[in-house]
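The values are calculated or read from the model by the stated rules, or taken from the named source; none is laboratory data. Everything numeric in this text was worked out from a predicted model, so none of it was measured. No Cβ is skipped: glycine too gets one built from the backbone with ideal geometry, and neighbour counts run over all protein chains shown. Please note that ligands, DNA and RNA were not included when accessible areas were found on the heavy atoms of the full protein model with its side chains. Shrake-Rupley method; radii C 1.70, N 1.55, O 1.52, S 1.80 Å.
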Amino acid sequence: MYGRYTQDLGTFAKDEAARLRLQQGNGEGGTPQPRRPSELLEYTQGRCAPCRVCALQCQRFLISKVGEDWVFLILLGLVMALVSWAMDFAIATCLQAQKWMYGGLDTNVLLQYLAWVTYPTVLITFSAGFTQILAPQAVGSGIPEMKTILRGVVLKEYLTLKTFVAKVIGLTCALGSGMPLGKEVRAVPGAGRAGGWGAPSSAPPLCPQGPFVHIASMCAALLSRFLSLFGGIYKNEARNIEMLAAACAVGVGCCFAAPIGGVLFSIEVTSTFFAVRNYWRGFFAATFSAFIFRVLAVWNKDEETITALFKTRFRLDFPFDLQELPAFAVIGIASGFGGALFVYLNRKIVQFMRRQKTINRFLMKKRLLFPALVTVLISTLTFPPGFGQFMAGQLTQKDTLVTLFDNQTWAKQGFSDEFEYLGILEAWRHPRSNVFVTLVVFILMKFWMSALATTIPVPCGAFMPVFVIGAAFGRLVGESMAAWFPDGIHTDSNTYRIVPGGYAVVGAAALSGAVTHTVSTAVIVFELTGQISHILPVMIAVILANAVAQSLQPSLYDSIIRIKKLPYLPELGWGHHEKYNVRVEDIMVRDIHYVTLNCKYRDLQHVLHSTKMKSLPLVESDESMILLGSIERAQVGALLCHQLSPQRRLQALRQKALAEDGHRLSDASIRFQISTEASSGAHAAPRKPLKPALKRVPSGLAETPQGDTADHTGIALRSLFCANTAAEPTE
């Protein structure tokens, strides 16, 4: 009463719980009566009763000591690591098969071309057909749907086992084809060339983070559903949403072996308001999953130890000069425009396919034709003996990033001879052009090919293709700076040569951040490369890229949400700050039509004809205006059609006829009873047998007066909305 608490709320709750337990444990006489818990009674039946009871008690002990959250997150991280590793193994096998086919046909260029084009076309067509038949919800990235689900919207069939199977198999086939859909750009076909670019890479292939966010969310939903069979907190809808938020972090962290960047990226991409209590869940699950994923790579002898996926060796004593910061800022601004252009181009391609009625109708009938045509086009352009030789088309995406992050300078230096291309770097050298032409052609071709390939109806992601394009653009700027300052930048009588690989790291983070509208791509880059020497240039470029991109276009995921017309409120862009002062009452419709429980058929018809709203509010009465819920317009129409159908009318006529016949019989019996009692001279009231006789009349609407028809219509309409109208009196 005076604003003080006598004890802490937690202490009071513990004392109260202990008192209740003691009170329940004591019998009527005050002596404790040991008894078996009621939830264990169902396990005391049958042969295996002791084993069941022991297992349940062990489960309770484990949960009470470890906690349900820890067990769930460990299981989630373990499952995702195993799924990611198995998918990488299958994808690497598919790419190795294409390499073997291409290398075995090196005597005939035509057969090489057929193998180069046919192999990805078959895999992409199978992926599109399998996904379309089993679960069309598995198409695309999955992050736009997860953004919608985490805001409370229920999307059916998006987190089911069927969708999980379709996503995993479809994504494996799509990435195994070598299309720019989030992983390998092309297989490694140059086997048999000594010292060439045919040496297989030992590192695991890169999986797209968008589909892996969806896969991790489906794993979390399925695990929650499985653990809810044993009771516990996973029957709670709010707890399931919290676990989905942690699963999004696991998807990114397991994909790149970058748990810190994965958690931050998942928060930026999927959450508008993030509960801090989920922070440790995301970090724990993502770290455990990334650790198991890298341990499996070491166990499979793909790696010697746990290292970064794209380990760089930039100099640490003087990584960059302050005079290079304007160049890094230019990379950020240009990446902002490039990211906005990528989102715009992707959306325009989809809208063009939808607005062309003839093309859309034809592709709806031939669903597998569009993926096949796009695959044939991209495979033809990347064919190494053809146009692909001008854009390093023979390199895998892993090898492309390794070469772009290389420490050495490819352009001619002023105090040294021309750089000697060795190993996989040979793919960037062409005898008829220099490295600048190759990089420009690579950027332009991969830009529109990636925007087109991400529209294919298969499970795919767009982050890694954009990441590679940004790295190529940064490398182009770095090589240009190295050519502009061939002797390096002089500071205090010391000469430090420009490192174009650092520019590639900055460009990769900037362009991917501009497309996704995130800043956490900087952290992902640091974890991917294993160095934070370029932390200042990366942060400057990412922030500038986000500033430019957010003022021009929505993020790629918000653009897909708008295309799919998912129920989602987008963020207010730049130049719309005055809309923060808009209140709900300024945009609400005040004169709204509603349905009451006592409305008549005429009132309901008037509401349906006077408004085109898809949902009608249901209130208790015109006086109270208490909102009971809402009912869809289509559902009201269906219920009315059912209530007033010809079959129901015939049934009502039959009941009316039967009621009239029964009423005549009971009227005759009533008159007979009254007349006999009156003729016998009985002094008892002649009305007494009338009431029970009238109760035996069948309850129908046969003899209903005309004035009561409206009441029966109201009762019938009330039965459309209320489930317990059968208990109401028919009077």
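Summary of computed values
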| item | result |
| --- | --- |
| Prolate/oblate/rounded call for the range 88-140, Cα gyration tensor, a/c under 1.5 rounded | oblate |
| Environment charge at residue 614 (Cβ cut-off 9 Å; Lys +1, Arg +1, Asp -1, Glu -1) | +1 |
| Which listed pairs, of 600/656; 565/614; 366/612, have C-alpha distances above 26 Å, in listed order | 366/612 |
| Exposure ranking of 594, 580, 344 by accessible area [1.4 Å probe, largest first] | 580, 344, 594 |
| Sequence ranges 540-546, 366-372, ranked by mean other-Cβ count within 10 angstrom, highest first | 540-546, 366-372 |
| Directionally averaged projected area (convex hull, Cα atoms, the range 595-645), nm² | 3.5 nm² |
| Cα gyration tensor category, rounded, prolate or oblate, for the range 266-339 with a/c compared to 1.5 | oblate |
| Table column - 3J(HN,Hα) (Hz), the range 634-648, Karplus curve with 6.51, -1.76, 1.60, x for Gly and Pro | 5, 5, 4, x, 5, 5, 5, 4, 5, 5, 10, 6, x, 5, 5 |
| Surface per residue (accessible, 1.4 Å probe) for the range 232-290, Å² | 37 Å² |
| Stokes-Einstein D in µm²/s, Kirkwood radius over Cα pairs - the range 304-378 at 4 °C with 1.567 mPa s viscosity | 74 µm²/s |
| For peptides 283-295, 253-265, sequence by mean Cβ density within 10 Å, most packed first | 253-265, 283-295 |
| Inter-site label distance for residue 114 and residue 606 at 7 Å from Cα along Cβ, in nm | 7.7 nm |
| q = 0.17, 0.24 Å⁻¹: log10 I(q)/I(0) that the Debye formula gives for the range 555-658, counting C-alpha atoms only | -0.99, -1.25 |
| Protection-proxy order for peptides 98-107, 625-634, 453-462, each taking the mean of Cβ atoms within 10 Å per residue, highest first | 453-462, 98-107, 625-634 |
| Volume of the Cα convex hull of the range 254-387, divided per residue and given in Å³ | 282 Å³ |
| Accessible-area order (highest first, 1.4 angstrom probe) of the listed residues 586, 317 | 317, 586 |
